[in-house]
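Everything on this sheet refers to the single structure shown next.
The values are calculated or read from the model by the stated rules, or taken from the named source; none is laboratory data. Here the structure is a predicted model, which is why all the values come from computation and not from measurement. Backbone-built Cβ (ideal geometry, glycine too); neighbour counts: all protein chains shown. When the accessible area is computed, the model is the full protein with side chains, heavy atoms only, and any ligands, DNA or RNA have been set aside. Shrake-Rupley method; radii C 1.70, N 1.55, O 1.52, S 1.80 Å.
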Amino acid sequence: MMEQHILKSKLSVVGKTTEDIIKLEGLHIWIKENHILDAIDVNIPKNKITCIIGPSGSGKSTLIRSINRINDDVDGITTQGNINFNGSSILTSDTDIASLRTQIGMVFQKPCVFPKSIKENVLFGIRHLKKLSKIEKLQIVEENLKTVSLWKEVSHRLNDKAISLSIGQQQRLCIARTLAVKPEVILLDEPTSSLDPLSTRAIEDMMVKLKEEYTIVFVTHNIQQAKRIADHLIFICDGKLIEQGNASALFSCPQNSQTKAYLKDQYCAC
Ligand SMILES: Nc1ncnc2c1ncn2[C@@H]1O[C@H](COP(=O)(O)OP(=O)(O)OP(=O)(O)O)[C@@H](O)[C@H]1O
Ligand SMILES: [Mg+2]
């Protein structure tokens, strides 16, 4: 009886670690007549880092942008299939897009700071900002800048324009702005591609810490980077899912010959 109980609790722990927060089911995307994503079935495990890799033009950005419906704004786009977030479809006509984007935040390839102060950038996406006191606002600014290790560098110049920061600092500020909204999921589309190796490592280390509280989906061209940070790996090529799974298993023993070739030479013949 006792043994059974222990076995059950172990299974529930195992179950918890593999809980999927997002599932894409048979997702097709066309832009005008071009079939960009073809029957994509992938899962995004909660509180893990999922890396999406694949050649240029394979559909990585289109895939990640579909998860918070930024693609909706693309001219001539048609979507078919389903995306489930916390068990509910986010592709229905009554999905509250603004609310979805507070739950699923996004950081882009090039840091995209607003022409405002550092402080105002952190607070930018917060709803009901007017109801907060000056002290509460400052607490939010401090907390989020500390999380992205930017506080020490900028605490004395919070009213300076964000554009005066270095590119690496601007990208950390963009992450702080995303975190301030308290999302459950953070989508990052090649967030380190314009950064030097030191800033890149700082963001990678930050992601590894942040996964305790957030689910992270990270598009990268860089296989070494995916090796360093990914728990779950998705490889797409020419709009199709080639392989996905546990990152260390997939890196050490890919099942598909295209994955094998891509991980070795970053070349895919599909
Ligand atoms: N707004 C758009 N209008 C027309 N075609 C588009 C649009 N956005 C993307 N595409 C096309 O969809 C395909 C996939 O593009 P996507 O940007 O998703 O690829 P990617 O894997 O992110 O590439 P990269 O690694 O170069 O960023 C490409 O052929 C691209 O030209
Ligand atoms: Mg891209």
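Quick check: convex hull over the Cα atoms of the chain, volume per residue in Å³, rounded to an integer?
Taking only Cα atoms, the chain has a hull volume of 170 Å³ per residue.
Could you tell me the distance between the Cα centroids of the stretch 217-270 and the stretch 181-197, to the nearest Å?
First find each Cα centre; the distance between them is then 19 Å.
May I ask you to derive the relative contact order of the chain, considering only C-alpha pairs under 8 Å and at least 6 residues apart, and to give it as an integer percent?
The value is 26 percent.
Ignoring ligands, DNA and RNA, please state the percent of accessible area on the chain from carbon and sulfur, probe 1.4 Å.
52
So for the chain: antiparallel DSSP bridges make up what percent, rounded to the nearest 5?
Numbers: 25 of 42 bridges.
That works out to approximately 60 percent antiparallel.
If the stretch 30-119 were replaced by its equivalent ellipsoid, with semi-axes equal to the square roots of 5 times the Cα gyration tensor eigenvalues, what would those be, largest first, whole Å?
Values: eigenvalues 97, 62, 52 Å².
Equivalent ellipsoid semi-axes, largest first: 22, 18, 16 Å.
So how strong a dipole does the stretch 122-206 carry about its Cα centre when Lys and Arg Cβ are +1 and Asp and Glu Cβ are -1, to the nearest 20 debye?
Dipole of the stretch 122-206, to the nearest 20 debye: 580 debye.
Which of Thr215, Ile242, Val122 sits farthest toward the positive end of the charge dipole of the stretch 20-265, with +1 on the Cβ of Lys and Arg and -1 on the Cβ of Asp and Glu?
Sorting the options by dipole projection puts first Val122.
Charges at C-beta only: +1 for Lys and Arg, -1 for Asp and Glu. How large is the resulting dipole of the stretch 32-121 about its Cα centre, in Debye rounded to 20?
Values: 10 positive and 9 negative charges, 106 e Å.
Approximately 500 debye in magnitude.
Calculate the dipole size of the chain relative to its Cα centre from +1 charges on Lys and Arg beta carbons and -1 charges on Asp and Glu beta carbons; express the result in debye to the nearest 20.
Magnitude of the dipole: close to 900 debye.
What's the angle, to the nearest 10 degrees (0 to 90), between helix 134-147's Cα axis and the longest principal axis of the chain?
The answer is roughly 40 degrees.
What's the angle, to the nearest 10 degrees (0 to 90), between helix 2-17's Cα axis and the longest principal axis of the chain?
Here the helix axis deviates by roughly 70 degrees.
Give me the Å³ per residue figure for the convex hull around the C-alpha atoms of the stretch 169-270.
111
Send over a whole-number figure in Å² for the accessible area per residue of the chain, probe 1.4 Å.
About 52 Å² of surface per residue is accessible.
Given the stretch 142-197, what whole percent of its Cα pairs are spread farther than 17 Å?
Cα-Cα pairs of the stretch 142-197 separated by over 17 Å account for 38 percent.
To the nearest 10 Å², what's Arg127's accessible area with a 1.4 Å probe?
Estimated to the nearest 10 Å², Arg127 gives 120 Å².
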